[in-house]
Amino acid sequence: MVGNERRNFQRLSLAKPILALLDGQNALILDIGISGSYVEHYGQTNAGDRFTLLFRWKGTDVEFVAEVAHTVIVRKTGNAEVSHTGLRFVQAIGEAEKRLNDMVATFVGKVLAAQKANAGATQPSDSALIDLGGARRSRTRSFLTYRLQNGSWSREMTDAAVQPNNGFTVAGYEDDAELESLCRAYEIADEEGRRLIQLVAELSARTVKKT
């Protein structure tokens with residue numbers, strides 16, 4: 001391994017919060033990723049509490065059972081307390097996971113498209129990002145880790161779905177052409193763009209079935 005690996009899943013910071021319901025009460029999603037979200041809501045929670053988080057994407061409900069990982073009261077409004085709470089998704093309801101993947105890939109695609117315009121280079125399209133970890137499946141239990149060092153890429157098979165500091169890890173069955181496109185995107189991306197590329201890679205790695 002090179003340096004310290006990133007063992008925590010990445011989250012996407014939303015420029016415009018998403019309106020949601022936390023056990024039927026109004027909440028705002030501030031950050032979201034494939035394994036959880038960061039929300040603003042009224043009232044207090046405790047680590048380990050479980051709630052249902054519901055929001056909409058493309059006119060369709062997306063619903064997860066979520067567990068409180070950490071929480072803090074950030075301000076008081078009248079007699080009410082406003083909290084920021086980190087939630088860990090523990091159960092997807094219906095096709096929530098598929099819709100979440102689509103949403104994250106779409107948002108990331110828009111960010112990378114803006115970087116493409118600035119750099120004048122080729123970026124993967126929204127559809128390519130969504131396809132990563134999408135329709136194709138195989139019996140592989142392995143992952144592919146790509147690392148960028150001194151302008152050159154290294155590639156190795158691994159049993160761990162860990163995102164490196166200087167590259168990304170995806171499912172072992174991904175298409176070489178799409179991965180080459182992702183490498184080119186990573187090369188021109190800024191620090192935030194690279195973090196978002198890792199978020200997309202996590203969508204792929206998550207599809208590998210454990211024995």
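Full extension of the segment from residue 187 to residue 26, taken as 0.36 nm per residue of separation minus the current Cα-Cα distance, would add 53.9 nm.
On the principal axes of its alpha-carbon atoms, segment 11-94 has extents of 36, 27, 23 Å, going from largest to smallest.
Summary of packing: across the peptides 178-191, 13-26, 159-172, the per-residue average of other C-beta atoms within 10 Å ranks them, highest first, as 159-172, 178-191, 13-26. Charge tally for residue 99 (other residues, Cβ to Cβ under 11 Å; Lys, Arg +1; Asp, Glu -1): -2.
Bear in mind these aren't lab numbers, they're just calculated from the coordinates by the rules spelled out. Quick caveat, the model's predicted, so the values are computed rather than measured. Heads up, the Cβs are rebuilt from the backbone with ideal geometry, glycines too, and the neighbour counts pull from every protein chain shown.
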